[in-house]
Structure formats: C-alpha cells, structure tokens
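Participant: Have a look at this one before I ask anything.
The values are calculated or read from the model by the stated rules, or taken from the named source; none is laboratory data. What you see is a predicted model; the values in this text were computed from it and never measured. As a convention, Cβ positions derive from the backbone with ideal geometry for all residues, glycine included, and neighbour counts pool all protein chains shown. Quick note on the areas: whole protein, heavy atoms, side chains included, nothing else; ligands and nucleic acids left out. Shrake-Rupley method; radii C 1.70, N 1.55, O 1.52, S 1.80 Å.
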Amino acid sequence: MSWKKTMYILLVMVVAGVSALTGAITGGAVVYKAVTGKQSGSPSISIPASIPNTNNTPNQTLVLNSTDVETAVTQTVQKVGPAVVTIVGTIPGQIGFFGQTGDQTVSGSGFFISDQGYILTNNHVVEGTQQVSIILSDGTEENAILIGTDPYSDIAILKADGRVPAVATLGNSDLLNSGESVIAIGSPLGNFKNTVTVGVVSGTGRSIETGQGYQVEDLIQTDAAINQGNSGGPLVNLAGEVIGINNMIVRGSGSGAIAEGLGFAIPVNTAQAVATQIIERGYFSRPFMGISYQAITPDIAAAYNLPVQWGVYVTTVAAGSPAGNAGLQVDDIITSINNVRMDETHNYLNMLYNYKPGDLVTLGVMRGGQEIMLQITLGESSHS
C-alpha cells in the first residue's frame with residue numbers, strides 16, 4: 001500500500017470521528033435544553049388540546065359542583081320544631097295513711113294546632129293535673145289551661161295565652177304506608193327538650209289492650225325512638241306534616257320477652273276529629289247506656305258458672321238512663337250489639353264507641369238462661 005493511500009484512509013477516519021462527536025454534542029445540547037426548558041415552565045413539545053376520538057363515543061365532560069345540602073329531615077325539623085312544646089303539670093298531693101303526700105310533677109309533649117294557642121297532646125299527660133304550663137322550643141315558659149279531654153282516644157286540648165311561635169301542619173294518616181320515613185319530636189324524660197328521632201312506619205291499624213276494659217285501636221306502629229315524656233308530641237312525615245300523636249311504647253309482653261322499637265301513635269285523622277269537637281264544645285261526646293258492669297271472660301265464666309264466655313254482667317242500672325228506659329236489669333248479661341257478638345277481639349266499649357249518641361241499637365241479652373233482644377237509644381256521655 002502506498003503512503004498516499006494510507007494517508008487518505010486516515011483522513012476519512014478523522015472526518016468520521018469528528019462528525020460523530022459533533023452529532024453527539026449537538027444531540028446532548030438539544031436534550032438538555034428540552035429538559036431544562038420543561039422544568040422552567042417553557043414548553044418544548046406541543047401537545048394537542050384534545051385527543052381525537054377513535055372509538056366513536058361522545059365526548060364526556062366532568063363537572064364538579066359545590067352544593068349546600070339540606071336533608072329532608074333537617075328541613076322538616078326546622079319547620080315543625082318551633083310548634084312543639086314541653087308540657088309540665090302538677091298533680092296535687094293526696095291524704096294517705098301516713099298523712100299528706102307532696103305534689104307530683106309530670107311532663108310530656110304537645111304541639112300548636114292553631115294560631116289561637118290551642119295545643120294538642122295526650123290525655124294521660126295532663127290527667128289529674130291541677131296546674132299546667134308549657135315550655136316553648138326557645139325555653140320560654142307560659143301558662144296554659146285545660147280545655148277538655150277524651151280518655152278513650154287519649155286526646156287532650158290545652159290553650160296557651162302567650163305567643164304562638166309556629167303552627168304544625170296536619171297531614172292525612174289514611175295515606176300512610178309501611179316503610180315510610182317518619183320523625184318523632186318531643187321531650188323525653190322532660191329534660192331533653194325537642195329531641196328528634198327518626199324511623200319508619202312499622203305498621204298501621206294496630207290495637208293495644210289498655211287493661212281498662214277496652215283496646216286502643218287503629219294505632220300507627222313506628223320504630224322511631226319514643227320514651228316517657230315523648231307522649232303527646234308529633235309524629236311527622238318528610239313533607240313536614242303531622243300524621244300521628246306519639247302516645248305509648250311497649251317494652252315487653254306477659255311472657256317476659258323484651259322488645260325494642262315498638263312505639264305507637266294515634267292517627268292524626270282521629271285526633272283531629274276529637275280535637276275539633278273539644279275546641280267547639282269543651283268536651284268530646286261518647287255514647288253511653290247508664291250501667292255499671294263487670295266484663296266476662298272465659299276464666300270468669302268458668303269461675304262463676306256463667307252461661308256465656310264473653311259479654312258484660314250488669315251490676316247497676318241508673319234510674320232514667322237509656323238502659324233503664326230500655327228495660328235492662330241488674331244481673332242481665334249483654335252479649336251482642338246489633339248482632340255482633342262480644343268475644344276476644346270485640347269488647348263492650350270498643351263496640352259501643354262505634355256508635356254515636358242518639359243511635360238506636362239492639363242488644364242481645366241473657367236473662368234467666370234465655371236470650372232476649374232489647375232496643376236502646378244511646379245517650380251522651382261527656383268528659384270535661
């Protein structure tokens with residue numbers, strides 16, 4: 001190989017090396033600039049504002065809203081709460097074997113049903129009280145007077161002379177369905193004023209034995225917590241309408257079983273009918289016959305060898321009463337009213353109170369081992 005050819009080859013290798021080094025330096029400079037430019041916030045690569053839709057689905061936009069959420073429960077309580085009151089009554093002391101007992105303070109709940117100051121509550125909240133006052137939701141205390149009561153439906157009406165902060169809206173209890181959400185507002189134990197509990201309608205048309213010769217019928221059952229002191233407070237639907245008046249709880253049965261979440265309320269349709277008459281008349285009229293009686297059950301019938309297992313044994317007949325005018329006598333046994341016989345689910349008072357004063361009814365009566373029929377025009381009994 002000649003020296004000229006050798007020199008040519010060396011020159012080509014030098015040129016190639018210099019070109020490669022220049023390319024490397026240039027490429028590194030470009031990368032460095034791109035990196036440092038991105039870190040400093042200067043874009044070096046242009047990114048499309050949107051990516052072409054390749055699957056033919058509509059473009060989706062994510063929208064975030066900031067909303068002030070108020071639940072239906074909160075709104076309902078804000079609406080009805082100011083109409084709810086705590087009722088405090090005083091039962092005077094009694095003279096007993098050991099002398100005079102002290103006065104007793106009782107408490108319950110109620111709510112305004114008119115701007116004239118009328119308050120709806122339970123009869124058992126104010127029964128036996130000599131003096132009654134109310135405490136508004138803001139803590140203001142006012143005097144109140146008892147207008148009238150109906151022990152059978154457990155309804156009473158009070159009237160306050162002070163200001164009326166709000167009036168509760170009454171709904172239609174006939175439209176209630178099991179599972180519907182409800183809210184109970186009241187003052188459990190008299191101390192925790194305007195307590196709110198939430199539950200559902202567990203059932204309708206319930207009946208509870210009172211132990212006083214009759215059943216409280218057509219009650220609303222709910223699992224909203226109801227305690228002593230809640231009596232007379234409203235049971236409210238999510239529309240802010242009162243659909244019941246809380247009046248009792250059941251904690252157990254005669255078998256010793258313990259129950260929870262068994263609260264009951266009087267349907268507002270029943271309460272409204274009773275309240276309207278009490279406000280108009282000062283009392284709610286019930287039909288009566290003018291007798292005293294002893295209820296007959298299978299146990300009593302077996303113990304006294306009576307000819308029927310169910311009915312009422314007449315012990316007295318008031319002179320000039322509807323029963324006396326109809327010819328009913330002491331020792332008679334009433335077994336039916338208008339051909340409906342008394343039994344475990346049809347007791348005397350519940351059957352009698354299906355009628356109104358002035359109604360003419362037919363009584364099935366056992367007298368001297370024979371059944372006879374007597375017609376009687378029912379009189380009027382009032383509670384004030």
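Participant: Within the accessible area of region 76-210, what % is carbon and sulfur when the probe is 1.4 Å and the other protein chains stay in place?
Facilitator: Heavy-atom surface of region 76-210 belonging to carbon and sulfur, 1.4 Å probe: 49 percent.
Participant: Collect residues whose amide H, placed 1.01 Å from N in the peptide plane, falls under 5 Å from the amide H of L235; neighbours closer than 5 in sequence don't count.
Facilitator: Sorted by chain and number, the residues that satisfy this are I243, G244, I245, N246.
Participant: Using amide H atoms built 1.01 Å from N in the peptide plane, name the residues 5+ places from I296, or on other chains, whose amide H lies under 5 Å from its own.
Facilitator: Here G311, V312, Y313 satisfy the definition.
Participant: A further question on this structure: Compute, for Y283, the solvent-accessible surface of its heavy atoms (probe 1.4 Å) with the complete set of protein chains present, and express it in square angstrom to the nearest 10.
Facilitator: Probe radius 1.4 Å; accessible area of Y283 about 50 Å².
Participant: Which ³J(HN,Hα) values in Hz, rounded to whole numbers, follow from the phi angles of region 157-166 under the Karplus curve 6.51 cos²θ - 1.76 cosθ + 1.60, where θ = phi - 60° and Gly and Pro get x?
Facilitator: 10, 10, 9, 9, 8, x, 6, 10, x, 6
Participant: Go through T204, T345, T195, T335 and list them by solvent-accessible area, largest first, probe radius 1.4 Å. Write down the numbers at each step before the final one.
Facilitator: Numbers: T204 65, T345 85, T195 45, T335 0 Å².
Most to least solvent-accessible, the answer reads T345, T204, T195, T335.
Participant: A further question follows. So, with +1 on the Cβ of K and R and -1 on the Cβ of D and E, and no other charges, what is the size of the charge dipole of region 181-305 about its Cα centre, to the nearest 20 debye? Each step should come with its number before you reach the end.
Facilitator: Numbers: 5 positive and 8 negative charges, 51 e Å.
Dipole about the Cα centre, nearest 20: 240 debye.
Participant: Report K356's accessible area, 1.4 Å probe, all protein chains in place, as a number in Å² to the nearest 10.
Facilitator: Result for K356: roughly 130 Å² accessible.
Participant: Just to check I understand the Karplus step: with θ = phi - 60° and J = 6.51 cos²θ - 1.76 cosθ + 1.60, what whole-Hz values come out for region 348-360, glycine and proline as x?
Facilitator: 4, 5, 4, 5, 4, 7, 6, 10, 10, x, x, 5, 9
Participant: Moving on. Tell me, what HN-Hα J-couplings in whole Hz come from the Karplus equation 6.51 cos²θ - 1.76 cosθ + 1.60 at θ = phi - 60° for each residue of region 323-330, using x for Gly and Pro?
Facilitator: Rounded to whole hertz, the list is 5, x, 5, 7, x, 5, 10, 4.
Participant: Per residue, how much accessible area does region 262-347 have with a 1.4 Å probe, in Å²?
Facilitator: Values: 4160 Å² over 86 residues.
For region 262-347, the solvent-accessible area averages 48 Å² per residue.
Participant: Here's something else I'd like to know. How much of S178 can a 1.4 Å solvent probe reach, expressed as accessible area in Å² and rounded to 10?
Facilitator: Counting only protein heavy atoms, S178 exposes about 80 Å² to solvent.
Participant: Now a separate question. Skipping prolines and chain starts, which residues have an amide H placed within reach, meaning under 5 Å, of the one on G186, given they are 5 or more residues away or on another chain?
Facilitator: Hits under the 5 Å cutoff: N194, T195.
Participant: Any idea of the accessible area per residue across region 159-258, 1.4 Å probe, to the nearest Å²?
Facilitator: Working: 4500 Å² over 100 residues.
Accessible area per residue, region 159-258: 45 Å².
Participant: Further question on the same structure: Sorted by accessible area with a 1.4 angstrom probe, largest first, how do L360, L235 fall?
Facilitator: Values: L360 105, L235 0 Å².
Ranking L360, L235 by accessible area, largest first, yields L360, L235.
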